[in-house]
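Right, one structure below, let's go through it.
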Amino acid sequence: MAAYLIAHRRDITDSETLKKYRDGIEETLNKFGGEVLSREDGFEVLEGSWHPGEKGDDEHPERVTVIRFPDMAALKGWYDSEDYAPLKAIRKKSAKTDVVAVEGGV
């Protein structure tokens, strides 16, 4: 069953360092069958206190990203991998982000 990683970036604390994350993430995802389905600054809030970001504007950085993996084992394998570890450290140092994993399939 497919698994999805959903990330909500709420704040950027170091935009220059965060660029290193952006530049390296795709290669690590490919190794685990991860595919970015959506990476959007602008989104519609139906409930809650999220605030859509503005592309390229660190003053309004909120973004939602959805990544599909073949299954939860692949998702967790990527998230806990040595390949992703340095990028995860960069992301945690450079931005405030909520991240969840969910299985899904219809």
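The values are calculated or read from the model by the stated rules, or taken from the named source; none is laboratory data. Remember, predicted model here, so these are calculated numbers, not experimental data. Because the Cβ atoms are built from the backbone with ideal geometry, glycine has one as well, and the counts that use them run over all protein chains shown.
Quick rundown of the values:
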| read-out | value |
| --- | --- |
| The range 11-57, subset basic (Lys, Arg) and either under 11 Å from the mean Cα position of the chain (by Cα) or more than 18 Å from residue 67 (Cβ to Cβ) (or both), residue modelled with the lowest pLDDT | 55 |
| Filter result (under 13 Å from residue 86 (Cα atoms), surrounded by 13 or more Cβ atoms within 10 Å (Cβ to Cβ) and either touching a Ser or Thr at 6+ places or on another chain (Cβ under 9 Å) or not small (Gly, Ala, Ser) (or both)) within the range 23-51 | 25, 28 |
| First in the range 30-56 and on the phi > 0 side of the Ramachandran plot, second anywhere and outside any loop (DSSP other than H, G, I, E, B) and at pLDDT 90 or above, Cβ under 8 Å, 6 or more apart | 33/69; 33/74 |
| Candidate set: the range 84-106, residues that are among the charged types (D, E, K, R) and not in a helix (DSSP H, G or I); chosen: the one farthest from residue 23 (Cα to Cα) | 103 |
| Residues being in contact (Cβ under 8 Å) with a residue 12 or more places away in the chain and part of a helix (DSSP H, G or I) - total across the range 1-26 | 7 |
| Unmet requirement for residue 71, which otherwise passes all of (1) at pLDDT 90 or above; (2) touching a Ser or Thr at 6+ places or on another chain (Cβ under 9 Å) | (2) |
